[in-house]
Amino acid sequence: MRAAVLHGPDDLRVQEVQEPQGEVVVEVRAASACGTDRKMLRRGHPVLGGYPARFGHETAGVRLDTGERVVVGDSVACGVCEPCLSGRAAICRAPTWVLGGFAERIAAPEAALHGLPDELELAGAVMAEPLAACVHAVGRGTDALDVAVLGGGAIGLMLARLLVLDGRDVVVCDRHEERRAQAEALGARSAPQLGTHDLVFEAVGRVEAWEQAVAAARPGGTVVLVGGCSSGTTVELPTGPLHYDEVDVRGAFHHTRDEVDRAIALLASGDVDWHALAGEVIGLDDLAAVLRQPTSGEARKPLVDPRQ
């Protein structure tokens, strides 16, 4: 079968590989690409292990054994580490990562699979993984009504939509006019720059964005850092707001199985319209070029159909 394989930084090859072996084999009908995939191509990633490496972690398809339509979750928590036992499986210390969605087929543990309602297309179901991370991030915040989201990429827009559904007053801050228009179409307000707010979600993943998010929190406010900076990066934050203003700074990483199921329900109901974030449909042979393209204009997630 054909698969996209990373052989080193910026070295992606579509090639014939052995059929996957595992608990359940799924025929991939749709996979979506994200910023993490771009990072994996550009410089690798700790979860890849060594090269050569298969990647793609937003995946949906059909089980070969039963014919059931499923989302392939990108991880299974160990269930026995301290975070898992304390109810925080999103930060499991020993997860089983399930990568390889950019291929014709993928093998996965039964525990990674999520059945789909008939009304949800597979092209929309692949967005359950990033949306689940946003469900998790919103849960890491507070119930403040005055909320800002810094960054109008796909994650920032998903965050904004969830917060709008929750009845919050949400402003999305992004320098791209097209992304501000997308935010408004989802029910949020928009602005090119941050003001000051009771709750701030950072969804960019750069040092300067983390600093801006903390600076935008009002005294007693909360900042949730959703965008991940490069491994080993150090961020300097002023002590005044953290100490004297009691600004809380929290991380938000990954998701739980229940949060994936919640995301699937939101997509199936139409409360989160996946069409608003879907980009062009491409085949495996076009993946490298698309991942190398600069991100500008509207926030749209490329959809990969390995059968093309």
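Condition check: assigned to a loop (DSSP other than H, G, I, E, B), among the small types (G, A, S) and either under 14 Å from S32 (Cβ atoms) or in contact with a Pro (Cβ under 7 Å, 6 or more places away or on another chain) (or both). Does G56 satisfy that? Before you say what the answer is, go through the steps one by one.
Working: assigned to a loop (DSSP other than H, G, I, E, B): yes; among the small types (G, A, S): yes; either under 14 Å from S32 (Cβ atoms) or in contact with a Pro (Cβ under 7 Å, 6 or more places away or on another chain) (or both): yes.
Yes.
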### Task
Report yes if some residue within the stretch 161-168 is assigned to a helix (DSSP H, G or I), of a type in the set (A, V, I, L, M, F, W, C) and in contact (Cβ under 8 Å) with a residue 40 or more places away in the chain; otherwise report no.
yes
### Query
Does any residue in the stretch 115-130 that is farther than 22 Å from D37 by Cα come within less than 7 Å, Cβ to Cβ, of a residue that is assigned to a strand (DSSP E or B) and open to solvent by 10 Å² or more (accessible area, probe 1.4 Å) six or more places away or on a different chain, and which pairs are these?
L116/R69
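Can you pull out every residue in the stretch 51-72 that is open to solvent by 10 Å² or more (accessible area, probe 1.4 Å) and either in contact with a helix residue (DSSP H, G or I) (Cβ under 7 Å, 6 or more places away or on another chain) or farther than 21 Å from H7 by Cα (or both)? Explain how you work it out, then say what you get.
Start the filter on the stretch 51-72 by keeping residues that are open to solvent by 10 Å² or more (accessible area, probe 1.4 Å), which leaves 51-52, 54, 57, 62-69.
Result: H57, V62, R63, L64, D65, T66, G67, E68, R69.
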### Query
Does L284 satisfy the condition of being touching a helix residue (DSSP H, G or I) at 6+ places or on another chain (Cβ under 7 Å) and either free of Cβ contacts under 8 Å to residues at least 60 places away in the same chain or crowded, with 21+ Cβ neighbours inside 10 Å (or both)?
no
### Message
Looking for something under 15 Å from the mean Cα position of the chain (by Cα) and open to solvent by 10 Å² or more (accessible area, probe 1.4 Å) - is there at least one such residue anywhere in the stretch 288-300?
### Response
yes
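Filter the stretch 250-280 for residues that are outside any helix (DSSP H, G or I) and open to solvent by 80 Å² or more (accessible area, probe 1.4 Å); which is nearest to C173 (Cα to Cα)? Spell out how you get there, then give the answer.
At the first step, the residues of the stretch 250-280 found to be outside any helix (DSSP H, G or I) are 250-256, 270-273, 277-280.
Pick out the ones that are also open to solvent by 80 Å² or more (accessible area, probe 1.4 Å) and you get 253, 280.
Working: F253: 21, E280: 25 Å.
For the stretch 250-280, the residue satisfying everything is F253.
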### Query
Can you pull out the residues in the stretch 182-195 that are touching a residue at least 40 places away in the same chain (Cβ under 8 Å) and within 19 Å of H275 (Cα to Cα)?
Q182, A185, L186
### Query
If we keep just the residues of the stretch 82-95 that are in contact (Cβ under 8 Å) with a residue 12 or more places away in the chain, open to solvent by 20 Å² or more (accessible area, probe 1.4 Å) and in a loop (DSSP other than H, G, I, E, B), which is farthest from H7 (Cα to Cα)?
R93
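So which of V147, V98, V171, V126 ends up being open to solvent by less than 30 Å² (accessible area, probe 1.4 Å), closer than 30 Å to G61 by Cβ and touching a His at 6+ places or on another chain (Cβ under 9 Å)?
Values: V147 fails: closer than 30 Å to G61 by Cβ; V171 fails: closer than 30 Å to G61 by Cβ; V126 fails: touching a His at 6+ places or on another chain (Cβ under 9 Å).
Answer to the check: V98.
The values are calculated or read from the model by the stated rules, or taken from the named source; none is laboratory data. Quantities reported herein were computed from a predicted structural model and do not represent experimental measurements. When we count neighbours, we look across all protein chains shown, and the Cβ atoms used for this are built from the backbone with ideal geometry, even at glycine. Ligands, DNA and RNA are stripped out before the accessible areas are found, and what is left, the full protein with its side chains, is counted by its heavy atoms. Shrake-Rupley method; radii C 1.70, N 1.55, O 1.52, S 1.80 Å.
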